[in-house]
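Peer 1: Below is a structure I'd like to ask you about.
Any read-out appearing in this document is the output of simple, stated calculations on the displayed coordinates, not a laboratory observation. Everything quoted here is computed from the prediction, not taken from an experiment. Cβ placement follows ideal geometry from the backbone for every residue including glycine, while neighbour counts extend to all protein chains displayed.
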Amino acid sequence: MDGGPFWDPRVTANIYAAGAVPWRRTVNGAVEIAIVHRPKYQDWSLPKGKLDPGETPVLAAVREVAEETGLECRLGRYLGHVTYPIPGHRKLKRVDYWAAEVVDGEFAANSEVDELSWHPLDRVMDQLSYPMDRQVLRAFARLPARTSTLLLVRHAKAGRRDRFNGPDEQRPLDRQGEAQGRALVPNLLAFGASEIFSADPLRCVQTVAPLAEKLGVEITLEPLLSEAGYAAAPDAARERTRALMTDKAVRVICSQGKVIPDLLQWWADRDGVVLPSARNRKGSVWVLSFAEGRLVAADHLDRSLSTGVVNS
């Protein structure tokens, strides 16, 4: 993603917010964007708002769109962030943005927003009040509006291997890992997670078990995506992962720390995407976006579910 003055990594914010580019298709297939009018500021902008205490940017983006527009959305690819000073304060605000396909809901005026307006993608720029919002829209327009999503999860914390008496494949999550698994549920659902696949070690299965329970679905085991399976047959494991990518569902895959970096690098090299630097910590998530079967964006959500991204 291009830099520019609003994506300056040297700027540190102390107020955090999140928002989205809500979009829909018309009956003739054109893309329309929703923007909102705030009477307090007399402006037209993308929906956004500050994070609640303990809230992740992902969840804040979905909540703020719903509160300001009445629309239910499914998040897609990450569009970057803007950072700007708050007038009258020695504070900087950072706002993270996602593409958000509208799946339900209807606008009703509320205390923050009195109007919502839909505009064709090629005309919405002139309707926005702020250059920063136009910058976000340019990032949105750089790739197709609808992309297919694959969510790649590293299993949550499972304690130290040398303190577990038994086969390593049966090492369970510890208390922190169990909490991480529960916390993943709403964040993965924000992207429309609907089907679950997991490497066969117990700690991988347990990481996505809360999501499976929430969705009422079975977890399909994928032995090739364990560290042992991947090391024995990396080409077969890569092709199996590619086969799991589909535009008919949002699939979650849980795997291990010695699999994910190599698998992602192979995929990125194949499709020409430069991956963002990431520690790939336990309980973290890669949000992979595809267009026509090709990887076009890779967004990393670390265990605190803050985000970093590079698009192709």
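Peer 1: Got a sec to turn the phi values of the range 290-296 into Karplus ³J(HN,Hα) couplings, 6.51 cos²θ - 1.76 cosθ + 1.60 with θ = phi - 60°, whole Hz, x for Gly and Pro?
Peer 2: Each residue of the range 290-296 in turn: 10, 10, 6, x, 9, 5, 10 Hz.
Peer 1: Let me know the volume per residue of the alpha-carbon convex hull for the range 1-150, in Å³.
Peer 2: Working: hull volume 19.1 nm³, N = 150.
In the range 1-150, the Cα hull volume divided by residue count equals 127 Å³.
Peer 1: Normalised by the empirical 2.2 N^0.38 Å for globular proteins, what value does the Cα Rg of the range 45-89 take? Intermediate results must be reported in sequence, preceding the final value.
Peer 2: On the way: Rg = 11.8 Å, N = 45, 2.2 N^0.38 = 9.3 Å.
So the Cα radius of gyration is 1.26 times the expected 2.2 N^0.38 Å.
Peer 1: What residue among Arg281, Arg161, Arg38 has the largest mean-square fluctuation in a Gaussian network model of the chain, using Cα springs under 10 Å?
Peer 2: In the Gaussian network model the winner is Arg161.
Peer 1: Under a point spin-label approximation (7 Å from Cα along Cα-to-Cβ), what is the Val274-Asp302 distance to one decimal in nm?
Peer 2: In this crude spin-label approximation the distance works out to 2.0 nm.
Peer 1: Report, in listed order, any pair from Lys157/Lys248; Lys258/Lys282; Lys50/Lys93; Lys93/Lys157; Lys40/Lys93; Lys157/Lys258 with a Cα-Cα distance greater than 20 Å.
Peer 2: Details: Lys157/Lys248 31 Å; Lys258/Lys282 11 Å; Lys50/Lys93 9 Å; Lys93/Lys157 32 Å; Lys40/Lys93 18 Å; Lys157/Lys258 15 Å.
Correct reply: Lys157/Lys248; Lys93/Lys157.
Peer 1: Another question, if that's okay. What is the Rg over Rh value, at two decimals, for the range 148-311, using alpha-carbon atoms and the Kirkwood definition of Rh? Before the final figure, lay out the partial values.
Peer 2: Numbers: Rg = 14.7 Å, Rh = 15.7 Å.
Dividing the radius of gyration by the Kirkwood radius yields 0.94.
Peer 1: Could you calculate, for the range 202-274, the ratio of the Cα radius of gyration to the Kirkwood radius, expressed as Rg to Rh?
Peer 2: Numbers: Rg = 13.0 Å, Rh = 13.3 Å.
Here the Rg-to-Rh quotient is 0.98.
Peer 1: Measure nothing but the geometry: give the 0 to 90° angle between the long axis through the Cα atoms of 202-215 and the longest principal axis through the Cα atoms of the chain, rounded to 10°.
Peer 2: 40
Peer 1: Anyone know which of Leu92, Leu264, Leu295 comes out most mobile in the 10 Å Cα GNM of the chain?
Peer 2: Checking each option, the largest mean-square fluctuation is seen for Leu92.
Peer 1: Another question, then. Which percent, to the nearest 5, of DSSP beta bridges fully inside the range 5-141 are antiparallel?
Peer 2: Numbers: 27 of 36 bridges.
Around 75 percent of the beta bridges assigned by DSSP in the range 5-141 are antiparallel ones.
Peer 1: Please turn the phi angles of the range 22-28 into ³J(HN,Hα) values with the Karplus equation 6.51 cos²θ - 1.76 cosθ + 1.60 (θ = phi - 60°), one per residue in order, whole Hz, x for glycine and proline.
Peer 2: x, 9, 8, 9, 7, 4, 9
Peer 1: How do Trp118, Trp98, Trp44 line up, fewest other C-beta atoms within 10 Å first? Walk me through the intermediate numbers first.
Peer 2: Working: Trp118 15, Trp98 29, Trp44 19.
Ordered from fewest to most neighbouring Cβ atoms within 10 Å, Trp118, Trp98, Trp44 come out as Trp118, Trp44, Trp98.
Peer 1: Can you tell me the Rg and the Dmax, both Å, for the Cα atoms in the chain?
Peer 2: Values for the chain (Cα only, Rg and Dmax): 20.0, 64 Å.
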